Amino acid sequence: MEILHDACENWGFFQIRNYGIDSKLMEKVKQLVDQHYEENLKESFYQSGTAKKLNNKENPSDVDWESSFFIRHRPTSNIHQIPNLPQGFSKTVDEYIAEMIKLAEKLANLMCENLGLDESFIKDAFSGKEGPAVGTKVAKYPKCPEPELVRGLREHTDAGGIILLLQDDQVPGLEFLKNGEWFQIPPSRNNTIFVNIGDQVEVLSNGRYKSTLHRVMADKNGSRLSIATFYNPAGDAVITPASKLLYPLSYTFGDYLQLYSATKFTDKGTRFETMKELAKGSNGFHA
């Protein structure tokens, strides 16, 4: 719990192992995604405008060197509308996503516990009328002849909630920003899941858990696999910081010290709650 809290509060990303999902299922998902790319997407990507610009030594700075599509799972699925999927793709992915949802909700519950919130706070906040939204971005970052001219994926934070990434076990490229320095995330051996926090968890946690800038670098030696599942708020979910986490406003330090002297060795969260109530009672103004 302490390691998870530190990762969420100070990094915004982490890796998990031994999470209880059948490794054969994970390998089958990766194999089917690779098969679909090789049979249906690879040739068209290298004939695309992005590839042609790069072959002409142009710098396509407003595009990403990726071949990707998005599968919606919850509340409704679009997987049967995606053309040319390999046999067994839909069934395998459905099994995989059921496990990913369980894992995302377990992590959400643990985050809530670490934040002093009700266990289901994140899930409830994300739910809207039909429950949290879940989708997967399936991507390949093809071998790139001029990696210095283009990003695989430009710098960004993720808009949603909790992101679970099953990535390539050979080809690197993913990088996260920490204190002004880009950290290279190594390929995921043994189906390690890489997790990062999206913008909505930052809002719900009142800034305690922060989303982090990340990017994908293009690679000239290999094509990188990325299967990123997003556990997100529903479209109609109303996002607001947890009231228990909102810092108290407009109190004097003298008032705080008076309370502190009697509660120094208790949970500071209780002090903040008390000060918040006192601030409300005085309309936030002091003489």
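The values are calculated or read from the model by the stated rules, or taken from the named source; none is laboratory data. Keep in mind that what you see is a predicted model, and the values were worked out from it rather than measured. Please note: Cβ atoms are built from the backbone with ideal geometry, for glycine as well, and neighbour counts cover all protein chains shown. Please note that ligands, DNA and RNA were not included when accessible areas were found on the heavy atoms of the full protein model with its side chains. Shrake-Rupley method; radii C 1.70, N 1.55, O 1.52, S 1.80 Å.
Reported count of residues in the stretch 119-154, each being over 18 Å from Asn221 (Cβ atoms) and open to solvent by 50 Å² or more (accessible area, probe 1.4 Å), is 7.
Every test in (1) more than 12 Å from Lys140 (Cα to Cα); (2) assigned to a helix (DSSP H, G or I); (3) open to solvent by less than 90 Å² (accessible area, probe 1.4 Å); (4) of a type outside the set (Ser, Thr, Tyr) is passed by Lys28 save one, and that test is (3). Whenever a residue of the stretch 30-47 is in contact (Cβ under 8 Å) with a residue 24 or more places away in the chain and within 18 Å of Leu166 (Cβ to Cβ), its partners that are assigned to a helix (DSSP H, G or I) and among the hydrophobic types (A, V, I, L, M, F, W, C), lying with C-beta atoms within less than 7 angstrom and at least six residues away or across chains, give the pairs Leu32/Phe89; His36/Phe89.
In the set (1) assigned to a strand (DSSP E or B); (2) surrounded by fewer than 21 Cβ atoms within 10 Å (Cβ to Cβ), the condition left unmet by Leu164 is number (2). Can you name the condition, by its number, that Gly116 falls short on among (1) at pLDDT below 95; (2) under 30 Å from Ser44 (Cα atoms); (3) of a type outside the set (Lys, Arg); (4) open to solvent by 20 Å² or more (accessible area, probe 1.4 Å)? In the conditions (1) at pLDDT below 95; (2) under 30 Å from Ser44 (Cα atoms); (3) of a type outside the set (Lys, Arg); (4) open to solvent by 20 Å² or more (accessible area, probe 1.4 Å), Gly116 misses (2) alone.
Taking the stretch 85-109 as the region of interest, how many residues are closer than 30 Å to Glu273 by Cα and open to solvent by 50 Å² or more (accessible area, probe 1.4 Å)? Of the residues in that region, 1 qualify.
Go through the stretch 82-98 and count every residue that is closer than 16 Å to Leu164 by Cβ, touching a residue at least 60 places away in the same chain (Cβ under 8 Å) and in contact with a helix residue (DSSP H, G or I) (Cβ under 8 Å, 6 or more places away or on another chain).
3
Just one of (1) modelled with pLDDT of 95 or more; (2) β-branched (Val, Ile, Thr); (3) open to solvent by 20 Å² or more (accessible area, probe 1.4 Å) fails for Thr157. It is (1). Among the residues of the stretch 62-79, is any within 22 Å of Pro145 (Cβ to Cβ), more than 20 Å from the chain's Cα centre (by Cα) and loosely packed, with under 13 Cβ neighbours inside 10 Å? The answer is yes, given that some residue of the stretch 62-79 is within 22 Å of Pro145 (Cβ to Cβ), more than 20 Å from the chain's Cα centre (by Cα) and loosely packed, with under 13 Cβ neighbours inside 10 Å.
When the residues of the stretch 48-90 are narrowed to those that are hydroxyl-bearing (Ser, Thr, Tyr) and either assigned to a strand (DSSP E or B) or touching a Pro at 6+ places or on another chain (Cβ under 7 Å) (or both), which ends up nearest to Gly135 (Cα to Cα)?
Let us first name the residues in the stretch 48-90 that are hydroxyl-bearing (Ser, Thr, Tyr), namely 48, 50, 61, 67-68, 76-77, 90.
Now drop any that are not either assigned to a strand (DSSP E or B) or touching a Pro at 6+ places or on another chain (Cβ under 7 Å) (or both), which leaves 50, 67-68.
Working: Thr50: 26, Ser67: 17, Ser68: 13 Å.
Ranking the candidates gives Ser68 first.
Of the residues making up the stretch 212-236, those that are of a type outside the set (A, V, I, L, M) and more than 25 Å from Leu25 (Cβ to Cβ) are Thr212, His214, Arg215, Asp219, Lys220, Asn221, Pro233, Gly235, Asp236.
Just so you know, in the stretch 1-25 the residues that are touching a Ser or Thr at 6+ places or on another chain (Cβ under 6 Å) and open to solvent by 70 Å² or more (accessible area, probe 1.4 Å) include one that is farthest from Lys102 (Cα to Cα), and it is Gln15.
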